[in-house]
Amino acid sequence: MPSPAELLQEASQYRETLSGIRRELHQIPEFGLNLPKTQQRILDSIHGLGEIHLGRNLNSIGLVIRGANPGPTVLLRADMDALSVKEETGLDFASTNGFMHACGHDLHMAAGIGAAHLLATHKDKLNGTVVIWFQPGEEGHHGADVMIEEGFLELSGERPVAAYGLHVFTSMPLGAIASKPGPMMASAGDLQVTFHGSGGHGSMPWLSKDPVTPMIEAISALQNMLNKRFDQFDPVILNVGWIRAGDDATTNVIADQASFGATVRTFSEKNTKLLHELAPKLIHSIAEGFGLSATVEFGRATKVLMNDPAAVVRVEKVAKALVGEQGYVPMQVPIAGGEDFASIVHEVPGAFVFVGACPPEINHETAPTNHSAKAMFDDSVLPLCSSILAGLAFDHLG
């Protein structure tokens, strides 16, 4: 079985190839579940490495690499979709179509391709099967759930015994690796509320049912509710992102309705259920107090990303073999970002891994973050990312 260090040395020999693939993918970003150009570019790079399975309702790819000897299945995941962000990096390979790989998914795909080549090259040493998902629709489109519904967890003929994925960040030093057991990323969803009143003249509000005032009160009351009804050591984040009411050309008209939308982040299923119970009660009571009605809708949320402790032990082992004791950073607290890899580890024990990809000439503490139109990632980290994924699979199946 090749060691993690040997995998890294091998992957480093085709660093330029991986970088070239990443930069090609960076120039053709696509959004959501429909990614035909991206899918074809990946297919070109994994041709002949194993069995190929394509999604029905999205441009997903499942690559099955069977080892020389029987054994269990390990799943690796790389996400494919870009963001609706107009790129402002000034790079010579910047996208120009109004979308951008501002979250590093172009690096994830290239790393997945690199891992596939490492595994296929040494499949004679694999005691089992590796399935690599190239998954669309991570950015709020629930692509992982679609792939699960389409049977991609059973591509090898049996469910995986472990699943791994990684994510690059500009806010970490180049080449640093981090993970943690238990909750690593939040359940991320949204809340939309509309207060239904009756409009009228602003000079006579008592003849109307103004929806703006109860909406403002509800926004404030929700924050107080989070402080008073939820354990502060199991945090809940609710941040209002937009408010709509009336016409900005007039100030003397009372609107018929007022709305707001908020992002909601939780780190436990318990608090997700509690929020879905308490928030509507609070909002409806405020609306009724003003003689109005309200509509409360929670959008579909990702699950809390729960890392399996045993899988994280394996991550730490492989990471330290690649970057040394100082290069691996045990995370102390989760982050409030959402990730639909959570749906995979809800079904299969596994772990998510963070990898620093900030260019060394930029201070990672002040660098434009993931999702910024100015976010830049150093693709020299690709051999390391490929080796992490392949190394975790070999550690299970060697």
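Bear in mind these aren't lab numbers, they're just calculated from the coordinates by the rules spelled out. Since we're looking at a predicted model, the values are computed, not measured. Glycine also receives a Cβ, built like all others from the backbone with ideal geometry; neighbour counts cover every protein chain displayed.
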- [ ] Please find, within region 137-187, the residue that is surrounded by the fewest Cβ atoms within 10 Å (Cβ to Cβ) out of those that are closer than 24 Å to residue 59 by Cα and among the hydroxyl-bearing types (Ser, Thr, Tyr).
- [x] 156
Open item on the list: So residue 318 ticks every box in (1) touching a helix residue (DSSP H, G or I) at 6+ places or on another chain (Cβ under 6 Å); (2) more than 26 Å from residue 130 (Cα to Cα); (3) not charged (D, E, K, R) but one. Which box is left unticked?
Closed with: (2)
Task: Counted residues, region 110-169 - those being within 22 Å of residue 186 (Cα to Cα) and more than 22 Å from the chain's Cα centre (by Cα) - done: 0
Task: Count of residues meeting criterion [surrounded by 15 or more Cβ atoms within 10 Å (Cβ to Cβ) and part of a loop (DSSP other than H, G, I, E, B)] in region 239-269 - done: 5
Open item on the list: So the check is Cβ under 9 Å with 6+ separation or different chains; which pairs have a first residue in region 270-291 that's exposed (fewer than 12 other Cβ atoms within 10 Å of the Cβ) and a second one that's of a type in the set (D, E, K, R) and not in a helix (DSSP H, G or I)?
Closed with: 291/209
TODO: Could you identify the single residue in 308, 248, 256, 231 that is acidic (Asp, Glu), in contact with a strand residue (DSSP E or B) (Cβ under 9 Å, 6 or more places away or on another chain) and more than 30 Å from residue 137 (Cβ to Cβ)?
DONE: 256
